[in-house]
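The values are calculated or read from the model by the stated rules, or taken from the named source; none is laboratory data. Everything quoted here is computed from the prediction, not taken from an experiment. Cβ coordinates were reconstructed from backbone atoms using ideal geometry, including for glycine residues, and neighbour counts include every protein chain displayed. Note: accessible area is taken over every heavy atom of the protein model, side chains too, but ligands, DNA and RNA are not part of it. Shrake-Rupley method; radii C 1.70, N 1.55, O 1.52, S 1.80 Å.
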Amino acid sequence: MKRTLYLFSSGRLQRKDNTICVEAQEGKRYFPVESVRDIYVFGEVDFNKKLLEFLEDKAIILHFFGYYGNYVGSFYPREHYNSGYLLLKQAEHYLDPALRLELARKFVEGALANMLQVLRYYSARGKELQSFIDTISSFLQEALPRCTSVEELMAVEGNARKCYYESFNTILVDTPFAMEARSKHPPADPLNAVMSFGNSLVYTKILTEIYKTHLDPRIGYLHATNFRRFTLNLDLAEIFKPLCADRVLFALLGKKMIGMEDFENEGGICLLKERGRRLYVQEFEEKLQGTFYHRRLRRNVSYQTLIRLELYKLEKHLIGEQPYEPFVSRW
C-alpha cells in the first residue's frame with residue numbers, strides 16, 4: 001500500500017537507486033519509490049534536479065509547508081494522464097453559467113450536509129447542538145435551492161460555515177480552546193492554527209488525487225478559475241474538510257492529545273509546534289486509511305480511496321455519463 005512521507009526534520013532528500021533516501025540528523029532512511037504516494041516537506045530539506053526527475057518519472061508530488069506550518073506550494077510534475085477532451089469539457093462547464101452553477105451548488109450541498117453529519121455525531125454524544133443543526137439545515141433546504149448565482153452560493157456557504165464554527169465552542173466546551181472568529185492568514189489563536197493546518201492537508205491530499213486522474217486542477221467551479229494555480233481541489237475540499245480535518249481536530253483537542261503547550265505566538269501569529277503537527281498528521285493518516293462500508297460499491301473503502309472515487313464521479317458528470325452527487329457521510 002502506498003504511503004505519504006512526512007518530513008519534519010531538516011536534511012537531504014535524494015534518489016538512491018530505486019529508492020527515496022531521507023538523510024537527517026538521526027541517520028538515513030530508505031523508502032521504495034513504488035510505496036510512496038506523495039511527500040510533505042515541513043523541515044529545511046535540500047534536493048537536486050536528479051531527484052525531481054525521478055519523482056516526475058514516478059508521478060510523485062512534493063508538497064511544501066513553511067515555518068508556520070502554512071502551505072507554500074507543490075512540485076506538480078508534468079501530467080501523466082492528460083486528456084484534451086476532458087479539459088475541453090471542464091472549460092465548457094465553467095464557461096456556461098448554468099453548468100457551472102449546477103456543479104458549484106453540488107459542492108456547497110455536500111459541504112453543508114457533511115457539516116450537519118458532524119454536528120449530529122456530537123449531538124448524539126450529549127452536546128447541545130440542535131440550534132446549530134436547525135440553522136444549517138435551513139440553509140441547506142431553503143436558502144441553497146433559491147441561489148441563482150455562484151456568488152449567492154458562496155454567501156450561503158459562508159453563513160452556514162460561520163454558524164458551524166460557532167458550534168465548535170459547544171463541542172470543545174471541556175477544553176481550553178475557543179473560537180472567537182475565524183482567522184486564516186495568519187491564524188491568531190490555537191484553534192485557528194489547528195484548523196488552518198488541517199485544511200491545508202486536505203487541500204493537498206485532494207491535489208495529489210487529482211493528479212492521478214484526467215482532471216485539470218486549475219479549473220474549479222465554486223472557486224473562481226483565475227490566476228491562482230489550483231482551484232478544483234478547493235472545491236472538493238469543501239466536502240471533505242468536515243469529515244477529515246474537523247473530526248481529527250475534535251478528536252485531538254477533545255482527548256487533550258494536543259494542549260496549549262503545543263503552540264507558540266510570534267508577532268501576532270499563533271503557531272502549532274512540531275509535536276502538535278506530528279500528532280495531527282498521525283491522526284489524519286489514520287483517518288484517511290480507516291475504512292467504512294460503501295453502500296453503492298458494497299465493499300469497504302478508505303477515505304483516501306473515497307477522494308479518488310469522488311473525482312471519478314466528477315469526470316463522469318463532465319462527459320455526460322452520470323450526474324454528479326456529492327458524498328455525504330451517514331455517521
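Looking at 311, 318, which one is under 20 Å from the mean Cα position of the chain (by Cα) and either among the aromatic types (Phe, Trp, Tyr) or surrounded by 11 or more Cβ atoms within 10 Å (Cβ to Cβ) (or both)? Criteria check complete, one pass: 311. Inside the range 30-67, residues that are among the basic types (Lys, Arg) and surrounded by 13 or more Cβ atoms within 10 Å (Cβ to Cβ) make up a count of 2.
Scanning the range 195-217 for residues that are of a type in the set (Phe, Trp, Tyr) and over 14 Å from residue 312 (Cα atoms), we see that the one that is most open to solvent (accessible area, probe 1.4 Å) is 203. Here's a check for you: in the range 68-90, which residue that is of a type in the set (A, V, I, L, M) and under 29 Å from residue 323 (Cα atoms) is least open to solvent (accessible area, probe 1.4 Å)? Among those that are of a type in the set (A, V, I, L, M) and under 29 Å from residue 323 (Cα atoms), it is 86.
Selection within the range 116-148: residues that are in contact with a Cys (Cβ under 9 Å, 6 or more places away or on another chain) and hydrophobic (A, V, I, L, M, F, W, C). The member of this set that is surrounded by the most Cβ atoms within 10 Å (Cβ to Cβ) is 132. Across the range 169-194, what is the number of residues that are assigned to a helix (DSSP H, G or I) and buried (at least 22 other Cβ atoms within 10 Å of the Cβ)? Here the count works out to 5. Considering the conditions (1) farther than 22 Å from residue 154 by Cβ; (2) in contact with an Asp or Glu (Cβ under 9 Å, 6 or more places away or on another chain); (3) modelled with pLDDT of 95 or more, residue 254 is excluded by exactly one of them, (3).
Can you confirm whether the range 318-329 contains a residue that is modelled with pLDDT of 95 or more and among the acidic types (Asp, Glu)? Yes - at least one qualifying residue is present in the range 318-329.
Hey, can you tell me all the residues within the range 218-234 that are within 26 Å of residue 247 (Cα to Cα), over 12 Å from the mean Cα position of the chain (by Cα) and open to solvent by 10 Å² or more (accessible area, probe 1.4 Å)? 223, 230 - these are the residues of the range 218-234 that are within 26 Å of residue 247 (Cα to Cα), over 12 Å from the mean Cα position of the chain (by Cα) and open to solvent by 10 Å² or more (accessible area, probe 1.4 Å).
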